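Structure first, commentary second.
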Amino acid sequence: MGKFLLTGVILGGLTVMIAGCTNYYRVTDPSSGKSYYTTKVGEAGRAGAVKIKDEKTGSMVTLQSSEVKEISSEEYQAAIKATPTAGESTTQK
C-alpha cells in the first residue's frame, strides 16, 4: 500500500510541475506597435521572422521584425481577457 501511495504522490507532483511550466510572451511588431500574446514563439524560416498564434484574436501571425518579451501569467491573462481595440480581429482564422 505504501509503495503505491508513494508512486502516486511522485507522479502527481511531476504532473503539477510540468503543467506549471508554461511561458507567456508579449510579441510586439516595432513598426506598428501592435502587441500579440502567445505561449509559443516559433521560427517562420525567414531570416529571423517569427510565427505565432495570437491568443487574443485566434489569428496566426508572421512577423518579419519583432520584440519578444516573457511576461507573467497575470499580465497574459489580463491581456487575453481585454476587449480588442478597433482594428483588431475577433474572428478565428
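Every read-out reported here was derived from the displayed coordinates using simple, explicitly stated rules and does not represent laboratory data. These figures come from a predicted structure and were not determined experimentally. Don't worry about glycine lacking a Cβ; one is built from the backbone with ideal geometry, like all the others, and counts go over all protein chains shown.
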Rounded to whole angstroms and listed largest first, the alpha-carbon spread of the stretch 22-81 along its three principal axes comes to 32, 24, 19
Residues Ser66, Ser73, Ser32, Ser59, sorted so that the one with the fewest Cβ neighbours within 10 Å comes first
Ser32, Ser73, Ser59, Ser66
Going 7 Å from the Cα of Glu67 along its beta-carbon direction, which residues of the stretch 24-49 have the amide nitrogen within less than 15 Å of the resulting point?
26-37
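Between Ala82 and Lys51, what FRET efficiency follows from the Cβ-Cβ distance if R0 is 22 Å, with the result rounded to 0.05?
Calculated value: 0.45.
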